[in-house]
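Colleague: If you scroll down you'll find the structure; I have some questions about it.
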Amino acid sequence: MATYFYVSPSRDGWHNLAVDEWLLDNLGEEDLILYFYINRNAVIIGKNQNPWKECDLPAMERDGVQLVRRITGGGAVFHDEGNLNFSFIAGKARYDTDRQFGMILQAVRALGIPCELTGRNDMQAMGRKFSGNAFCSRGGKSQHHGTLLIRSDMTRLQNYLTVDPRKLKAKGVSSVRSRVCNLTEHLPQLTVEAMLEALQTAFGETYGSYTAWEPTEAQQAEIAVYEEKHRSWEWRLGLTPSFDLELDTRFPWGGVQLLLTLRDGCIAEVQVFSDTLDVAVPSLLQGLLTGVRYGSQPMSEALRWADNEQIRDIAQWILEENL
C-alpha cells in the first residue's frame, strides 16, 4: 500500500489529461496518489459534450487554445496558468471524498481564507465558488479531480464558447462572474507555488508519509499512447454523426442534445451530447431509446421507469414536445 504525490512539469493539456487517465487505469488498487497539473490555454470539455456545438473552434485555433476532452462529465472550463488542477486517484478501500475535500479545504484555510464545501461538488470562499469537481470510476479505482482558481483570467472562456441562449438566460455572464472567484481576491499575494506548498503540507498531515512519484521510462512510453488518444481528432472532435432529427433542451442540471436517425418509423440510432455531471445519462438514453417507435408517447414511456431522475426529467420533456 503506497501513497504518492506528483506535480506534472508539463503545461500541455493533452499530456496532463493523458497522465490523469493512465493513473486511473494503472495505479495499484491499494494505492493512492494526489496529482497536480497546470494547463496553458486550454478549453476542457466534458466527456459527453459536442464540441461542434459548444465551442468556437476557429477562435480557439486562431489563439492557440487547446481543445481537451476529459473522461468525466460536466461542462466546459477554461484553463490557464493561474488555475491549479488536482486529481485524487485511489482504490475502493482508500477513496474517500470527504477526506479528499477536507484536505483541500484544510490547505486553503491554512492560508487564512475561510472556505467550505457546498452541495456535492463545489468549494466556496465567502459564498463564491473557487473549485468545481468531477468524478469517474473504472476497474476498481476511482478518480476525483477538480480545479482551484488562484489567479485565472475568467473572462476568456466566453471568447471560445458558442453560448446556448437558454444557458445565458439562466446563467448570464455577469451572474456567473458574481458566483465564482479567484483565491487572490481573498489573498492578493497568493501564488500558484504557495498554494501548491500549502496543499503538499496538508496532504502529509492528512495521509502521513508519502513518496514523490515520477514515471519510469516504461511508464512514460505507456502514457505516450494515452496522449496520442487525447491529442487525436477522433477523441477531441469525432465524426459529426449523420442524423435525421435533432432535439435539445436545458434542465437545471444541464443541457441535452439528441440526434436521432430514424428507419421505418423507429429510432435506429441515438447520439447524445450533454454537460450533465452524471456520465451515465448518455449511454442510458441510447440504450433505452434505440429501437423505440418515434413519437412522444412511446419514447416517453420507454424512459419514464428508469432508475435515474434525470432520465425521468427527459421523459417528461419528450412527452410535452408532442412529437
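Read the figures in this text as sums done on the coordinates, not as results from a lab. Owing to the predicted nature of the structure, the values given are computational and were not obtained by experimental measurement. Cβ coordinates were reconstructed from backbone atoms using ideal geometry, including for glycine residues, and neighbour counts include every protein chain displayed.
Colleague: Using Cα pairs under 8 angstrom and six or more residues apart, how large is the relative contact order of region 3-236, in percent?
Modeller: Here the relative contact order equals 26 percent.
Colleague: Follow-up question, since we're still on this one. Near the amide H of Gly255, under 5 Å away, which other amide H atoms are found, from residues 5 or more places off or on another chain, if H is placed in the peptide plane?
Modeller: Asp275, Thr276
Colleague: Next up: Exactly which trypsin sites (Lys or Arg not before Pro) in region 89-137 are in a DSSP loop and have at most 13 other Cβ atoms within 10 Å? Before the final figure, lay out the partial values.
Modeller: On the way: sites: Lys92, Arg94, Arg99, Arg109, Arg120, Arg128, Lys129; in loops: Lys92, Arg94, Arg120.
Here the trypsin sites (Lys or Arg not before Pro) that fit, given the DSSP loop and packing criteria, are Lys92, Arg120.
Colleague: For Val7, list long-range residues whose amide hydrogen, built 1.01 Å from N in the peptide plane, is under 5 Å from its own amide hydrogen.
Modeller: Phe36
Colleague: Oh, and also: Find out how many positive minus negative residues lie around Leu262, taking Lys and Arg as positive, Asp and Glu as negative, among other residues whose Cβ is under 14 Å from that of Leu262.
Modeller: Once positives and negatives cancel, what remains is -2.
Colleague: Same structure again: For region 43-49, take each phi angle, set θ = phi - 60°, evaluate the Karplus expression 6.51 cos²θ - 1.76 cosθ + 1.60, and give the result in whole Hz per residue in order, putting x for glycine and proline.
Modeller: So the J values, rounded to whole Hz, are 9, 9, 9, x, 3, 9, 8.
Colleague: What residues have an amide H closer than 5 Å to that of Leu323, excluding those fewer than 5 places away on the same chain, when H is modeled at 1.01 Å from N in the peptide plane?
Modeller: Ser296
Colleague: Per the Debye formula with a single identical scatterer at each Cα and no solvent contribution, what log10 I(q)/I(0) holds for region 207-257 at q = 0.24 Å⁻¹?
Modeller: -0.98
Colleague: Kirkwood Rh, Cα Rg: Rg to Rh for the chain?
Modeller: 0.98
Colleague: Taking the alpha carbon gyration tensor of region 245-321, what are the square roots of 5 times its eigenvalues, largest first, to the nearest whole Å?
Modeller: Values for region 245-321, descending: 18, 13, 11 Å.
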